[in-house]
Amino acid sequence: MIASKLFLGLDSSTQGLKATIIDEQLEVVYEHAINFDHDLPQFKTKGGAHQHEDGLTVTAPALMWVAAMDLLFGLMRDEGALLANVAAISGSGQQHGSVWLNTEASSVLANLDVSQTLEAQLKSVFSVADSPIWMDFSTTAQCQALEVALGGAQAVAELTGSRAFERFTGNQIAKIHQQNPEAYAETDRIALVSSFLPSILIGGYAPIDVSDGSGMNLLDIQSGDWAPAALEATAPNLVEKLGPVVPSHAIVGTLAGYFSERYGFVADCAVVAFSGDNPNSLAGLRLENTGDIAISLGTSDTVFGSLAEPHPSAEEGHIFVSPVQPEAFMAMIVFKNGSLTREMIRDTHAGGSWKTYDAMLQQTAPGNGGRIGFYINEPEITPTIVTPGISRFGADDQPAAFSPEEDIRALYEGQCLSMRLHAGNIGIEPRRILATGGASVDKGLIQIMSNVFGVAVYTAEKSDTASLGAAYRGLHGFLCKEAHGFVPFADAVSAAPPFTKIAEPDRDAHAVYIAMLPRYASLEQCVVSKNGV
Ligand code: 5FX
């Protein structure tokens, strides 16, 4: 029997490193994850990160990601994972984080010695040992400077897909250049987390892929290459330090001898460009058609989907180049007030029980008699609401008091109306919704979502979509290589398991929400002008 080819997806999230292996029929045949805090305690991280005393700076030790690779591959080898059958590897990295490599790095990478660990060999290749990551909020001054240099927030959004955001890599680079010029001068290559891991795998600098590169405020999303004006406004000599940009399906090299000798991979195993975790989730949910969107309900709620025509906005959201279609785009909006806010209202009114909460939700009707509420448990980014608090309005748009049952409905309806409003503003018009994340099992919330958007809601078999998406992209890149040209991603993943429908819209309820949307938008403006920046 000819052994089936396998495809490995490696997901370096904030908390850990996970491997997912699929076969040619897209069945998941192996999964293993390690957790940074627990399995690599010597790096002293909390949630995979170091929070600094200023309350704004957040970093992760770059060497921890290196040590994690040997640890995970060793465990996989010892468990008998069929590494010799892996034909291609791709991966996923937490977005925006940067890895700073000095002038020694390329020769160390090119000469990995199988008799020593990666950690021992790579410990002195970093010009900045603590990598800034996406949770960092310390670059407001650099963001303002970028927006001034490029003609305002909307100009930055139109060029790079997003207004200047603190966590975006370019603003982190500007800060390091200003505050640590020696380290900047010693830097030979600035990688993203998603280009650093494949650099270890291929024993040389791997390029940044166009989709994760879109999360830097440095890349022109229309040309798919660096934006000279943004580079110039950020720091000197950036083209050389960043290296080239490649499409997300590109093969970036073959696996270094270190990995075949130590772990039993085949010598010609292909490495496909890694990308960011959100782009990989888009791939894992096969959101290739404009109109298929995902709503991930977690600590933060995230709405994302594919788009042919992007509408970058300084007000909300991000546009990335698509990780599965080089000519298309991905839109994404993050809402900070997700599950923790839902839990706060559940604890206040339903004694901590989701069952009681759902029973109370059913006691009010869609539209809540015209009541609209804004529940801001922590500062919100979509829209910008700095001061936490609850604002409740009656049908006459005047401040009002709500019963517990009305509060419960107003929270869910408000969250779904906000998603619909802001997603629409950047061009997301759903045809169907895929719900993922912890709260996607909440039937009451899912039904309101279906009614607000007026489309059916589906769910996927696997909830860990970034890791699965990385494995799918490994297969996709491999098929493009074999075909000597681009293979549609949909063809590569056509054997994937179908999604399950979990809600159909109720047309009467949908009509109620359509009528409510303009009122919701104008009341939101009032809340923003009172509690915003
Ligand atoms: C997206 O812009 C984010 O900052 C986060 O979702 C990170 O990618 C999490 F890893």
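The values are calculated or read from the model by the stated rules, or taken from the named source; none is laboratory data. Note that this is a predicted model, so its numbers are computed, not measured. Glycine also receives a Cβ, built like all others from the backbone with ideal geometry; neighbour counts cover every protein chain displayed. Surface areas here come from the heavy atoms of the whole protein model, side chains and all, with no ligands, DNA or RNA. Shrake-Rupley method; radii C 1.70, N 1.55, O 1.52, S 1.80 Å.
The table below lists the values:
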quantity	calculated
GluC sites (Glu not before Pro) within region 460-528: DSSP coil, no more than 11 neighbouring Cβ in 10 Å	E461
Heavy-atom surface of the chain, accessible at 1.4 Å and reported per residue (Å²)	37
Assigned charges on the beta-carbon of Lys, Arg, Asp, Glu; region 6-280 dipole about Cα centre (debye)	280
Size-normalised alpha-carbon gyration radius of region 6-280, reference 2.2 N^0.38 Å	0.97
Residue pairs, from the table K46/K241; K336/K443; K46/K336; K44/K123; K241/K481, whose Cα atoms sit over 23 Å apart	K46/K241; K241/K481
Burial ranking of peptide ranges 362-371, 468-477 (average Cβ count within 10 Å, highest at the top)	468-477, 362-371
Stokes-Einstein D (µm²/s) once Rh is taken as the Kirkwood radius of the chain over alpha-carbon pairs, at 10 °C in 1.306 mPa s	67
Which of L17, A256, M419, positive extreme of dipole for the chain (C-beta unit charges)	M419
Helical segments meeting 20 Å axial Cα length and Kyte-Doolittle 1.0 threshold in the chain (DSSP H)	62-78
Percent carbon-and-sulfur accessible area, the chain, ignoring ligands, DNA and RNA, probe 1.4 Å	52
The chain, relative contact order [Cα under 8 Å, separation at least 6], %	15
Student exercise, region 41-148 dipole from Lys, Arg, Asp, Glu Cβ charges, in Debye to nearest 20	120
Relative packing of peptides 302-313, 343-354, 156-167 - highest average C-beta neighbours within 10 Å first	156-167, 302-313, 343-354
Check: the chain dipole with +1 on Lys, Arg Cβ and -1 on Asp, Glu Cβ, in debye	600
Region 102-150 - Debye-derived log10 I(q)/I(0), Cα point model, q = 0.13, 0.16, 0.17, 0.19 Å⁻¹	-0.53, -0.65, -0.68, -0.73
Mean separation of Cα contacts under 8 Å (6+ apart) over length of region 387-526, as relative contact order %	27
Theoretical ellipticity at 222 nm over the chain - DSSP helices of four or more residues, -39500 (n - 2.57) apiece, nearest 500	-11500 deg cm²/dmol
Mean separation of Cα contacts under 8 Å (6+ apart) over length of region 6-280, as relative contact order %	21
